[in-house]
Amino acid sequence: MGDGDEGETPYDFYGTIIHETDKAWLFRNGITDEEVWLPKSRCHWDGSQIMTVPEWLAKAKDLM
């Protein structure tokens, strides 16, 4: 994940990428079907189904 996330608990979310820009992904949560923009600089996409997001961002985007 991105710089500045040290000490943050990472959380994995199952879902799909709906759209992508140079700096962000539009992620559809596989549990709730809600869509949120996530910055590539702070998250990690495994290329398949799992988005890893730091705790502070997951809370800010109402993923948890």
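Within region 23-52, residues that are within 11 Å of PHE13 (Cα to Cα) and modelled with pLDDT of 95 or more reach partners that are of a type in the set (Asp, Glu) and surrounded by 12 or more Cβ atoms within 10 Å (Cβ to Cβ) with beta carbons closer than 7 Å, at six or more positions or on different chains, in the pairs PHE27/GLU35; ARG28/GLU35; ILE50/ASP12; THR52/ASP12. Name the single residue that is modelled with the lowest pLDDT among those in region 53-64 being of a type in the set (A, V, I, L, M, F, W, C) and surrounded by fewer than 20 Cβ atoms within 10 Å (Cβ to Cβ). Among residues in region 53-64 that are of a type in the set (A, V, I, L, M, F, W, C) and surrounded by fewer than 20 Cβ atoms within 10 Å (Cβ to Cβ), the one modelled with the lowest pLDDT is MET64. Taken together, the residues in region 18-43 that are within 15 Å of LEU63 (Cα to Cα) and not small (Gly, Ala, Ser) amount to 16. Within region 1-22, the residues that satisfy the criterion of being outside any strand (DSSP E or B) and modelled with pLDDT of 95 or more are THR21, ASP22. Of everything in region 10-52 that is among the β-branched types (Val, Ile, Thr) and surrounded by 13 or more Cβ atoms within 10 Å (Cβ to Cβ), the residue that is nearest to the chain's Cα centre (by Cα) is THR52.
The values are calculated or read from the model by the stated rules, or taken from the named source; none is laboratory data. Just so we're clear, the structure is a prediction, and the values are computed from it rather than from any experiment. Every residue, glycine as well, gets a Cβ built from its backbone with ideal geometry; the counts of neighbours run over all protein chains shown.
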